[in-house]
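J.: Let me begin by handing over the structure; questions about it come next.
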Amino acid sequence: MLRKLCVIAAAAALAAALLPSLAQGKKDSVVMGMTLEPPGLDPTNAAAAAIAEVTLYNVYETLTKINEDGSVSPLLAESWQASPDLKTYTFKLRKGVKFHNGEPFDSAAVKFTFDRAAAPTSTNKDRSLYQAFASVTAPDPETIVVALKYSEPNLPFLLGQASGSIVEPKSAPTDATQPVGTGPYTLGNWAKGSSITLVKWPEYRNAAAIKLAKVTIRFIGDPAAQVAALLSGDVDAFPRVAAARSLAQFKADPRFNVLIGGSRTKTIVGINERKKPLDDVRVRRAILAAIDRKAMIDGAVDGFGTPIGSFYTPGSLGYVDTTGINPYDPELAKKLLVEAGVKTPLELSLKLPPPSYARQGGEVLAAQLAKVGIVAKIENVEWAQWLSQVFTGPHNYDLTIVAHVEPFDLVKLTEPDYYLGYKSEAFNALYQQIMATPDEAGRAKLLGDAQRMLATDAVAGFLFQPQLITIASKKLKGVWKDVPQFENDFSTWAWE
């Protein structure tokens with residue numbers, strides 16, 4: 001009898017020890033890894049994709065939402081209607097929404113956001129889109145009407161990007177460090193150089209549907225450290241991880257899901273056409289002819305990429321294969337340099353941002369260019385330096401390697417101060433024709449013409465469309481495989 005009582009007591013003690021963990025239920029926090037730290041937390045005033053990776057649909061919301069399959073659904077706008085010529089859009093806004101600081105969300109906030117994005121002093125990466133708005137009117141608190149200067153069939157998609165995040169007017173000046181939005185999360189802590197923590201906002205309009213109470217985002221730039229953090233369990237998920245060389249290990253580990261997804265990203269060799277002799281199309285064609293895209297894909301992203309020949313990706317409306325316009329031909333590259341009167345060796349700077357595709361790809365590019373008499377002097381810079389020196393001005397570079405993550409961004413090549421320095425009245429006119437063509441078949445044909453023009457003009461060294469790798473705990477659900485734009489929508493994440 002005594003022995004039986006001891007067994008019962010032991011069982012009771014064990015049950016008592018287990019009770020706290022059972023009572024806690026499913027995990028409600030997650031640690032995610034990211035390669036780059038954002039320079040700020042206002043996606044409406046800076047171009048870095050890392051800002052959107054933290055804030056889009058989490059802290060800030062947009063009128064529309066871009067889903068994993070690239071479709072568009074309502075978010076802050078419950079519905080919208082477009083005029084037959086696709087030049088006027090009327091959005092009906094969601095009622096009863098408020099910002100984190102308690103201010104109401106209404107059409108006045110939307111108008112403020114769009115007007116601010118179009119202002120001459122705006123640093124919004126899509127300022128040209130908002131400057132193409134002929135007017136933004138708010139006939140009542142729940143209605144916003146956008147009239148455009150030209151047809152824009154993609155407006156609902158474009159307004160779902162981070163640059164379209166709706167900001168609260170009073171807090172807008174300090175959003176970069178103290179972000180205020182309408183999303184399900186608020187900023188908990190930002191340990192510069194280390195991590196950002198987002199915490200669930202209890203007053204969110206649909207708070208019960210948000211399963212994660214806390215999200216910690218750790219910044220890990222080194223590929224080996226990324227792999228180690230996943231394997232050790234320090235990180236639960238790592239979207240767009242640099243783990244191609246460790247895939248076999250992760251696929252064999254039952255703890256992980258390995259997701260290899262598509263994107264609309266365009267990785268290019270940026271060429272500064274403001275500088276001589278890079279303003280000569282023959283020199284740019286020589287650079288392209290020196291590039292072996294297959295070797296570049298193997299060296300930069302371990303084979304996870306599809307060659308591209310223009311500023312456009314497979315799967316997009318009207319895509320045409322233009323890789324044959326500038327094929328790999330080192331002998332042609334040498335001849336073109338001679339025709340352009342360039343004396344070799346030609347020394348050019350090659351400024352590389354931190355991502356591994358740029359640093360590894362830069363080594364491959366330098367070796368390929370050396371074979372045709374071009375000496376690329378590699379300079380590794382931090383992301384903030386790249387943005388300030390190369391992208392936003394003074395455009396102090398000759399060559400660079402960067403991935404453009406935004407879809408539908410041909411408009412960038414019409415902007416006079418865009419970092420590539422491409423200026424073509426013919427392309428600008430063609431782009432306006434594309435925008436003025438409401439029928440999809442007509443636009444597709446013109447988009448093909450645009451791709452061929454950009455390839456012929458050798459606007460950049462068009463390299464590849466990357467396949468992006470995400471590794472996550474098998475018990476974590478809602479993590480996206482495909483990436484129509486860089487984002488991490490934590491509202492869909494949950495532990496099983």
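J.: With a 1.4 Å probe and all protein chains left in place, how much of the accessible area of the range 166-290 comes from carbon and sulfur atoms, in whole percent?
T.: 51 percent
J.: What's the local net charge at Pro202, with K and R +1, D and E -1, over the other residues with C-beta under 15 Å away?
T.: Every neighbour counted, the sum reads +3.
J.: Go through the range 143-153 residue by residue and turn each phi into a ³J(HN,Hα) via Karplus (6.51, -1.76, 1.60, θ = phi - 60°); whole Hz please, and just put x for glycine and proline.
T.: 9, 10, 10, 10, 10, 9, 6, 8, 5, 9, x
J.: In the chain, which whole DSSP H runs stretch at least 20 Å along their own axis (Cα) and average 0.0 or higher on the Kyte-Doolittle scale? Don't jump to the answer; show the numbers that get you there.
T.: On the way: long enough: 2-24 (34 Å, 1.56); 356-370 (21 Å, 0.07); 440-456 (24 Å, -0.26).
Taking the DSSP H segments of the chain (at least 20 Å long, mean hydropathy at least 0.0), we get 2-24, 356-370.
J.: So how exposed is Met453, as accessible area in Å² (1.4 Å probe, rounded to 10)?
T.: Looks like 50 Å² after rounding.
J.: Let me ask something else. Compute the orientation-averaged projected area for the range 266-466 from the convex hull of its Cα atoms and round it to one decimal in nm².
T.: For the Cα atoms of the range 266-466, the hull's average projected area reads 10.2 nm².
J.: Right, here's the next one. Compute the signed sum of charges (Lys and Arg +1, Asp and Glu -1) over the other residues within less than 15 Å, Cβ to Cβ, of Leu454.
T.: Numbers: positive: Lys266, Arg284, Arg285, Lys412, Lys423, Arg452; negative: Glu273, Asp321, Asp409, Glu415, Glu425, Asp449, Asp457.
Overall, the nearby charge balance is -1.
J.: Could you run the Karplus curve 6.51 cos²θ - 1.76 cosθ + 1.60 with θ = phi - 60° over the range 30-40 and give me ³J(HN,Hα) per residue in whole Hz, x for Gly and Pro?
T.: 8, 10, 10, x, 9, 6, 10, 8, x, x, x
J.: Next question, about the same structure. Please list the equivalent ellipsoid semi-axes of the range 303-369, computed as the square roots of five times the alpha-carbon gyration tensor eigenvalues, in descending order and whole angstrom. If you can, show how the numbers build up before the last one.
T.: Details: eigenvalues 128, 78, 20 Å².
Here the semi-axes work out to 25, 20, 10 Å.
J.: May I ask you to list the lysines whose Cα is less than 27 Å away from that of Lys98, ignoring any residue fewer than eight positions away on the same chain?
T.: Lys65, Lys111, Lys125, Lys170, Lys200, Lys211, Lys214
J.: Quick check: residue separation of Lys27 and Glu496 times 0.36 nm, minus the Cα distance between them. What number comes out in nm? Mind showing how you got there, number by number?
T.: Values: separation 469, 0.36 × 469 = 168.84 nm, distance 0.86 nm.
Difference between extended and current length: 168.0 nm.
J.: Any chance you could run the full-extension gain for Asp253 through Thr323? It's 0.36 nm times the residue separation minus the Cα-Cα distance, nm to one decimal.
T.: Details: separation 70, 0.36 × 70 = 25.20 nm, distance 3.79 nm.
Extending this stretch completely gives an extra 21.4 nm.
J.: Compute the length gained on full extension between Asp115 and Thr137: take 0.36 nm times their separation in residues and subtract their Cα-Cα distance, giving the result in nm to one decimal.
T.: Result for the pair: 6.9 nm of gain on full extension.
J.: What is the sum of charges, Lys and Arg at +1 and Asp and Glu at -1, for the other residues whose Cβ falls under 12 Å from the Cβ of Lys26? Working shown, then result.
T.: Values: positive: Lys27, Lys211, Lys475, Lys477; negative: Asp28, Glu496.
Surrounding charge for Lys26 is +2.
J.: Still on this model: Heavy atoms of the protein only, probe of 1.4 Å, neighbouring chains included. What is the accessible area of Thr35 in Å², nearest 10?
T.: Spelled out: Thr35, probe radius 1.4 Å, area about 40 Å².
J.: In whole percent, what relative contact order does the range 61-166 give with Cα contacts below 8 Å and a gap of six or more residues?
T.: Values: 189 pairs, mean separation 35.3, N = 106.
This gives 33 percent for the range 61-166.
J.: Over the chain, calculate the relative contact order: mean separation of alpha carbon pairs under 8 Å at least 6 apart, over the residue count, as a percent.
T.: Normalised by residue count, the contact order of the chain is 20 percent.
J.: So how exposed is Asp409, as accessible area in Å² (1.4 Å probe, rounded to 10)?
T.: Spelled out: Asp409, probe radius 1.4 Å, area about 10 Å².
J.: Related question: Given the chain, what percent of its DSSP beta bridges are antiparallel, to the nearest 5?
T.: Approximately 75 percent, going by the DSSP bridge assignments.
J.: For Gly309, list long-range residues whose amide hydrogen, built 1.01 Å from N in the peptide plane, is under 5 Å from its own amide hydrogen.
T.: Thr322, Thr323
J.: Need the C-alpha centroid separation for the range 79-104 versus the range 139-185, integer Å.
T.: 9 Å
J.: Which residues' amide hydrogens lie under 5 Å from the amide hydrogen of Asn380, considering only partners 5 or more residues apart or on another chain, with H built in the peptide plane?
T.: So Asn380 has HN proximity to Leu352.
J.: Return the calculated 222 nm mean residue ellipticity for the chain, to the nearest 500 deg cm²/dmol, obtained by summing -39500 (n - 2.57) across DSSP H runs with n ≥ 4 and dividing by the residue count.
T.: One gets -8500 deg cm²/dmol as the mean residue ellipticity at 222 nm.
J.: Can you work out the accessible area per residue across the chain, with the rest of the protein chains kept in place, probe 1.4 Å, in square angstrom?
T.: With the other protein chains kept in place, the chain gives 41 Å² per residue.
J.: Please list, or write none, the lysines whose alpha carbon is within less than 20 Å of the alpha carbon of Lys276, excluding same-chain residues fewer than 8 places away.
T.: Partners found: Lys334, Lys335, Lys343, Lys351, Lys377, Lys423.
J.: Then there is this: Of Pro327, Val459, Gly221, which is farthest along the charge dipole of the chain in the positive direction, counting Lys and Arg as +1 and Asp and Glu as -1 at C-beta?
T.: Gly221
J.: Where the accessible area of the range 319-396 is counted over protein heavy atoms with a 1.4 Å probe, how much of it, in %, is carbon and sulfur? Let's see the in-between values first.
T.: Details: 2080 of 3860 Å².
With neighbouring chains kept in place, the figure for the range 319-396 is 54 percent.
J.: Something else about it: Roughly what would the spin-label model give for Asp417 and Gln432, points 7 Å off Cα along C-beta, in nm?
T.: 2.2 nm
J.: Taking θ as phi - 60°, what are the ³J(HN,Hα) couplings along the range 319-325 by the Karplus curve (6.51, -1.76, 1.60), each to the nearest whole Hz, with x for Gly and Pro?
T.: Couplings: 4, 10, 7, 10, 5, x, 6 Hz.
The values are calculated or read from the model by the stated rules, or taken from the named source; none is laboratory data. The model shown is predicted, which means the values in this text are computed figures rather than measured ones. Using ideal geometry, Cβ is built from the backbone for each residue, glycine included, and neighbour counts are taken over all protein chains shown. For accessibility, only protein heavy atoms count, side chains too; no ligands or nucleic acids. Shrake-Rupley method; radii C 1.70, N 1.55, O 1.52, S 1.80 Å.
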